[in-house]
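Written below as structure tokens is the structure these notes are about.
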Amino acid sequence: MKKEINVVGAVVVDNGKVLSAQRSQSMSLPGMWEFPGGKIEQGETPRDALVREMQEELQCTVEIGDEVASTRHEYDFGFVTLTTFYSRLIDGAPRLTEHSEIRWIDASELDTVEWAPADVPAVHRVMRDLAPAGDTEP
């Protein structure tokens, strides 16, 4: 029976750009991009877990807003349920600690990097939500 892993991701938006993190070679899914975040610990709410993970992983503080998407994806190592939230930086600048790269990507160009499969539905939602007026497909 495969492991069930509940994780959260922050969709940090600043002036139409979205904070994106590339997984390092020492992580599962090396080289793929994700919304930064991590595992929900026992007794934590998803929002509390996301604030903690952003402080631990990127040494910055975020304010958590509305949920973007919740998706479940089967990987060879288990089932991952990822819940993403729009977030806003309120203290500090993101610093690289675990990932190989962090990058602010224009919302309209999020699909130019290879995202971890569980993140893809949120990527599409963010691209739709942040598309300039008149720039959406029917």
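The values are calculated or read from the model by the stated rules, or taken from the named source; none is laboratory data. Note that this is a predicted model, so its numbers are computed, not measured. Cβ atoms come from the backbone with ideal geometry, glycine included; neighbour counts cover every protein chain shown.
The table that follows gives values for the structure above.
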read-out: Residues located in region 38-52, provided they are under 27 Å from Gly16 (Cβ atoms) and part of a strand (DSSP E or B); value: Gly38
read-out: Pairs where the first residue, in region 58-70, is buried (at least 19 other Cβ atoms within 10 Å of the Cβ) and the second is part of a strand (DSSP E or B) and of a type in the set (Val, Ile, Thr), C-beta under 8 Å, 6+ apart; value: Leu58/Ile102; Val62/Val12; Val62/Ile90; Val68/Val11; Val68/Thr84; Ala69/Thr83; Ala69/Thr84
read-out: From the options Glu101, Glu109, residue that is over 18 Å from Pro30 (Cα atoms) and either surrounded by fewer than 18 Cβ atoms within 10 Å (Cβ to Cβ) or in contact with a helix residue (DSSP H, G or I) (Cβ under 7 Å, 6 or more places away or on another chain) (or both); value: Glu109
read-out: Residues of region 12-37 that turn out to be surrounded by 18 or more Cβ atoms within 10 Å (Cβ to Cβ), of a type outside the set (Asp, Glu) and not in a loop (DSSP other than H, G, I, E, B), as a count; value: 9
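Here's the yes/no breakdown for (1) assigned to a strand (DSSP E or B); (2) of a type in the set (Gly, Ala, Ser); (3) at pLDDT 95 or above:
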residue: Met54; (1), (2), (3): no, no, yes
residue: Glu57; (1), (2), (3): no, no, no
residue: Glu63; (1), (2), (3): yes, no, yes
residue: Asp66; (1), (2), (3): yes, no, yes
residue: Thr71; (1), (2), (3): yes, no, yes
residue: Leu82; (1), (2), (3): yes, no, yes
residue: Leu89; (1), (2), (3): yes, no, yes
residue: Glu98; (1), (2), (3): no, no, no
